[in-house]
1. Looking only at helices (runs of 4 or more DSSP H) that fall completely inside the stretch 13-93, which ones have 3 or more residues that are over 16 Å from the mean Cα position of the chain (by Cα) and modelled with pLDDT of 70 or more?
2. Pull up the stretch 104-157, narrow it to residues that are of a type in the set (A, V, I, L, M) and outside any helix (DSSP H, G or I), then point me to the one that is modelled with the highest pLDDT.
Amino acid sequence: MTMSLTSRLVNSKIIKNGLILGALTVASLPATSCVTISRQDKAMIRELEMYGVNPQERKEVEPVLAGFLNLGPGLGNFYLGFSGDEPTQHIVGAINLLLWYPSVVWGIPEAIVDGIRINKKATAYYYTEGPGRFILDKLREDYRKKFLPKQTEKVVE
């Protein structure tokens, strides 16, 4: 059975539009990171690094494991969503599930980067809101003693 020229053009146009849409979707996904770090958390991480604290001290997730799991359809993102308390990862996991085979290209590095960010957020939270805030006070005090010159008190007469 042969197809008419018109139906070939229609089918070709549909395929072409589908490929363009798919390419745009694939190109845009890596640019949209799911886990973001607030300015306040970034400042806290920089301060902690200044004191010699590892910014990923608090391990909520294993970034390499998340990347490895993304060899399967979105499994790494589901792991990050449940373990790292990041509900947006479930949406990304569903998208990676739908676009499984090509999603491996962006899914693996994205899961690793998101895992690192989740750990940094957890570390910042620990030192600002959790029990680490007392450790942070001690780190700040030690830093002031070590690096800031002692100020002489002026006696007002």
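1. The qualifying helices (runs of 4 or more DSSP H) are 39-50.
2. First, the residues of the stretch 104-157 that are of a type in the set (A, V, I, L, M): 104-105, 108, 111-113, 116, 118, 122, 124, 135-136, 139, 148, 155-156.
This time we only want the ones that are outside any helix (DSSP H, G or I), so: 148, 155-156.
Working: Leu148: 76, Val155: 54, Val156: 58.
Selected residue: Leu148.
The values are calculated or read from the model by the stated rules, or taken from the named source; none is laboratory data. Only a predicted model underlies this, so the values are computations on that prediction, with no experimental measurement involved.
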